[in-house]
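First the structure, in the form of structure tokens, and then the observations on it.
Every number in this text was worked out from the coordinates using simple rules, so none of it is lab data. Not measured: the values here are computed from a predicted model. Heads up, the Cβs are rebuilt from the backbone with ideal geometry, glycines too, and the neighbour counts pull from every protein chain shown.
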Amino acid sequence: MIKALSTRFINLKTVSTIIGITSLTSSLYFYNKSTLAIQNDSNQLKPLFPNYIFGTKLKLKEIIQDTHDTKILKFQIPDGYNLGLSPGQPILLSLRDKQTGSLKIKPYSPLIGPEDNQDTLQFAIKLFNENGTSGALHKLEIGDEIKFRGPLPINNFKFKPEEKVNFIAGGCGITPIYSMISKLLEQGQNEIKLIYSSSHANEIILKSKIDELKSKYGDKFHVIYLSNNGYQQDVLKSKINYEFLSQNLFQNSNLIVCGSKGLTTDIKNKYLNKSLNNKLYIL
């Protein structure tokens with residue numbers, strides 16, 4: 001039994017993975033999987049990730065510039081293999097920086113959308129540090145090969161049919177949320193609201209993909225873009241605060257949040273404690 005004020009979650013402070021001479025320590029949140037899980041369709045294809053220890057190597061097939069500092073990297077999946085991931089589940093990427101040779105390992109959530117076929121494994125990578133994992137990934141070229149391990153056993157969600165579901169994303173926190181929303185809309189049983197905050201109106205990651213979902217699913221999918229900098233016609237100049245959430249969230253519904261520590265802490269401690277009646281899950 002998990003106890004929370006209006007939330008239900010477990011804080012898994014450290015996930016350590018030691019493979020040969022490599023190690024990864026990462027702060028993650030792990031949730032009550034008996035309550036939430038989005039299921040993947042089963043089929044007869046071989047799993048892409050059959051062995052966590054040895055991992056799977058894939059070659060980079062395509063690079064798309066999504067925003068000025070975010071690239072979508074598409075890695076080729078061999079014929080006869082199934083992606084085998086639930087939307088939102090992260091996997092570990094490991095590679096050598098092409099300039100320094102240093103080993104980089106970090107979990108990322110793949111993009112899984114209804115329009116995407118299963119022949120590529122896709123990631124939206126925002127550049128944070130030229131010398132970090134995002135910098136190493138941004139240096140990749142078509143044909144380069146890196147290793148993947150996973151999936152990590154988190155972010156596996158299930159919602160009741162006809163249930164209304166809220167999502168809040170901040171910046172690159174949209175990547176697991178986009179995949180979850182895509183799958184739910186494809187299943188056609190839930191009404192969804194996304195509140196997506198970005199540092200700049202012209203830096204909204206995956207905006208074209210989200211707009212495609214909105215156009216396709218209409219009243220089943222409500223989107224509010226927020227930013228305090230720059231201008232786009234469909235982006236509100238506003239911050240996420242209690243008043244805004246009380247007016248725009250589905251009440252008495254699940255709320256899934258992914259973003260900066262500041263965003264998730266504010267929503268958890270400042271806003272939901274003020275009587276917003278939502279169950280909170282932080283990715």
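The residues Y242, Y108, Y196, when put in order of fewest to most other Cβ atoms within 10 Å, stand as Y242, Y108, Y196. 3J(HN,Hα) couplings calculated from phi for region 92-109 with the Karplus curve 6.51 cos²θ - 1.76 cosθ + 1.60 (θ = phi - 60°) are, in sequence order, 8, 9, 10, 7, 9, 4, 5, 9, 9, x, 6, 7, 10, 9, 7, x, 9, 8 Hz; Gly and Pro show x.
Panel order for L194, L93, by other beta carbons found within 10 Å of each beta carbon, from fewest to most: L194, L93. For a label point 7 Å from the Cα of E163 along Cα→C-beta, name the residues of region 233-271 whose backbone N is under 14 Å from it. Label zone hits: 251-257. Summarising the amide proton neighbourhood of S199: residues at separation of 5 or more, or on other chains, whose placed amide H is nearer than 5 Å comprise G171. Once backbone amide H atoms are built at 1.01 Å from N, L58 has I146, F148 as its partners under 5 Å, excluding neighbours fewer than 5 places away on the same chain.
A Förster distance of 51 Å, applied to the separation of the beta-carbon atoms of N202 and N277, puts the FRET efficiency at 0.90. The GluC sites (Glu not before Pro) found in region 39-132 that occupy coil by DSSP, while having at most 15 further C-beta atoms within 10 Å, are E115, E130.
If R0 is 41 Å, the Cβ-Cβ spacing of K147 and Q189 corresponds to a FRET efficiency of close to 0.65.
By other beta-carbon atoms within 10 Å, ranking I77, I174 with the fewest at the front produces I77, I174. Taking the charge dipole of region 61-159 about its Cα centre, with +1 at Lys and Arg Cβ atoms and -1 at Asp and Glu Cβ atoms, the residue from I63, S134, A124 reaching farthest to the positive side is S134.
Rounded to whole numbers, the Karplus 3J(HN,Hα) couplings from phi for region 222-234 are 10, 10, 10, 8, 10, 6, 9, 10, x, 9, 9, 4, 9 Hz, using 6.51 cos²θ - 1.76 cosθ + 1.60 with θ = phi - 60°, and x at Gly and Pro. Going by the alpha-carbon gyration tensor, a ≥ b ≥ c the square roots of its eigenvalues, is region 142-259 rounded (a/c under 1.5) or, if a/c is not under 1.5, prolate (a/b greater than b/c) versus oblate? In terms of gyration-tensor shape, oblate.
Note on region 154-282: with charges restricted to the Cβ of Lys and Arg (+1) and Asp and Glu (-1), its dipole about the Cα centre is near 320 debye.
Considering only beta bridges that DSSP places wholly inside region 178-249, some 0 percent are antiparallel. Sequence-ordered 3J(HN,Hα) estimates for region 156-165 from the Karplus curve with 6.51, -1.76 and 1.60 and θ = phi - 60° stand at 10, 10, 9, 10, 5, x, 6, 6, 8, 10 Hz, glycine and proline given as x.
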